[in-house]
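J.: Structure incoming, see below.
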There are 2 protein chains.
Amino acid sequence: MPQSPIGPELQRLIDLLAKMPGLGPRSAKRAALYLLKKREPVMRPLAFALDDAAQKVKACSICGNWDSIDPCAICADPERSGAVICVVQDVGDLWALERAGAHKGRYHVLGGLLSPLDGIGPEELNIGGLIARAGDDAVKEVILALAATVDGQTTAHYLTERLEETGVTVTRLSQGVPVGGELDYLDEGTIAAAMKTRRPA
Amino acid sequence: MPQSPIGPELQRLIDLLAKMPGLGPRSAKRAALYLLKKREPVMRPLAFALDDAAQKVKACSICGNWDSIDPCAICADPERSGAVICVVQDVGDLWALERAGAHKGRYHVLGGLLSPLDGIGPEELNIGGLIARAGDDAVKEVILALAATVDGQTTAHYLTERLEETGVTVTRLSQGVPVGGELDYLDEGTIAAAMKTRRPA
């Protein structure tokens with residue numbers, strides 16, 4: 001085994017970069033080389049931005065969204081309806097819904113899904129806060145925008161039961177054929193769901 | 001256009017992450033979310049490692065390799081032959097050759113390839129240092145390990161001419177069928193090159 005040609009400082013940087021999703025050991029090396037070539041325009045600003053965000057970005061005390069202000073910009077926005085709360089697994093899902101421009105109300109970020117196999121129970125998630133919020137008379141509807149997976153279904157089922165006591169209307173995203181999707185390439189489960197919930201043309 | 005749900009500190013981090021090779025705008029968001037969840041084990045250490053490497057990692061004054069010591073570990077290694085210098089485009093290529101364990105001599109990193117179209121002439125590359133090193137009597141061979149592209153060939157041709165005056169032997173990597181490569185999937189140029197330089201079986 002030949003000695004590594006990469007010094008310890010550089011190796012530590014590569015090892016940390018390789019932990020990021022989307023970067024493997026080889027692309028982390030490429031990223032490190034790129035950064036060393038762009039020290040002033042990218043590398044040092046990135047070091048600062050990481051430190052800055054690690055310090056300032058916090059979970060919103062109301063909904064769990066990440067922002068540098070608390071309550072977050074969405075919870076603080078008077079133009080958004082407080083009557084509808086959309087429940088998501090993660091902040092990334094909140095961003096996806098915002099990209100789609102599909103929701104004009106508030107959010108609630110669970111921080112994960114129930115997963116008995118992984119030891120994630122209701123206490124591990126931001127569920128108490130949701131029940132408390134849904135108990136407010138101003139809240140009329142809770143939309144469960146969770147993944148169409150076993151864990152997502154389990155979590156939706158659990159939340160539906162827990163939310164019953166609050167008297168709020170609980171809805172879920174509909175399942176069906178994705179926009180632009182061809183039937184030939186769809187799995188049987190999706191086709192069956194789309195068939196079952198078919199609507200007048 | 002709805003207002004972005006992402007605060008300025010987080011957006012700046014995402015924008016910088018998205019500049020890295022291998023990460024696009026969407027995977028940069030995923031990386032930012034991952035980092036925020038791993039503040040102590042990954043995010044802050046990464047900020048430190050970036051700053052540390054930006055400060056300490058420098059180009060070796062002899063060969064152009066990146067290391068935190070100068071001369072670099074390879075130039076300083078008494079077990080490596082100073083008689084053979086392998087010329088590479090970039091530090092990433094040096095790492096690839098070291099991974100292969102294919103070269104026991106020293107290196108010389110050009111920092112790019114000649115590219116008249118991009119305005120990259122001999123002055124932009126670390127060529128003067130190579131000619132000076134090759135002029136040393138101890139140096140017997142210079143291996144041109146450059147890409148098999150137009151710019152790579154142009155650079156190899158130019159270096160071969162420039163090195164003529166030093167009396168050193170100049171060689172190139174051979175071209176041919178990659179190990180594990182199937183002929184059916186190879187381009188015509190590679191097949192023609194492998195045929196032309198065929199050897200007794």
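J.: Could you please find all residues in the stretch B:29-83 being polar (S, T, N, Q) and more than 9 Å from chain A (Cβ to nearest Cβ)? First the steps, then the outcome.
T.: Kept after step one, since they are polar (S, T, N, Q), are these residues of the stretch B:29-83: B:55, B:61, B:65, B:68, B:81.
Result: B:Ser61, B:Ser81.
J.: Checking B:Gly64 against (1) without any contact (Cβ under 8 Å) to a residue 40 or more places away in the chain; (2) open to solvent by less than 20 Å² (accessible area, probe 1.4 Å); (3) touching a strand residue (DSSP E or B) at 6+ places or on another chain (Cβ under 8 Å), which single condition isn't satisfied?
T.: Against the list (1) without any contact (Cβ under 8 Å) to a residue 40 or more places away in the chain; (2) open to solvent by less than 20 Å² (accessible area, probe 1.4 Å); (3) touching a strand residue (DSSP E or B) at 6+ places or on another chain (Cβ under 8 Å), B:Gly64 comes up short only on (1).
J.: Being more than 23 Å from A:Gly111 (Cβ to Cβ) and open to solvent by 60 Å² or more (accessible area, probe 1.4 Å) is the filter; apply it to the stretch B:9-28 and report the residue that is farthest from the other protein chains (Cβ to nearest Cβ).
T.: From the stretch B:9-28, those more than 23 Å from A:Gly111 (Cβ to Cβ) are B:12, B:15-16, B:18-25; that's our starting set.
Of the ones still in play, those that are also open to solvent by 60 Å² or more (accessible area, probe 1.4 Å) are B:12, B:15, B:19, B:25.
On the way: B:Arg12: 5, B:Asp15: 8, B:Lys19: 5, B:Pro25: 11 Å.
Within the stretch B:9-28, the match that is farthest from the other protein chains (Cβ to nearest Cβ) is B:Pro25.
J.: Could you please find all residues in the stretch A:1-37 being out of contact with any helix residue (DSSP H, G or I) (no Cβ under 9 Å at 6 or more places or on another chain) and charged (D, E, K, R)?
T.: A:Arg26
J.: Looking at the stretch A:75-90, can you tell me whether even one residue there is of a type outside the set (Lys, Arg) and in contact with a Pro (Cβ under 9 Å, 6 or more places away or on another chain)?
T.: Let us first name the residues in the stretch A:75-90 that are of a type outside the set (Lys, Arg), namely A:75-79, A:81-90.
Okay, now just the ones that are also in contact with a Pro (Cβ under 9 Å, 6 or more places away or on another chain), so none.
No, every residue in the stretch A:75-90 fails to be of a type outside the set (Lys, Arg) and in contact with a Pro (Cβ under 9 Å, 6 or more places away or on another chain).
The values are calculated or read from the model by the stated rules, or taken from the named source; none is laboratory data. No experiment lies behind these values; they were computed from the predicted model shown. Methodologically, a virtual Cβ is constructed for each residue, glycine included, from the backbone with ideal geometry; neighbour enumeration extends over all protein chains shown. Heads up: the accessible areas ignore ligands, DNA and RNA and are worked out on the full protein's heavy atoms, side chains in. Shrake-Rupley method; radii C 1.70, N 1.55, O 1.52, S 1.80 Å.
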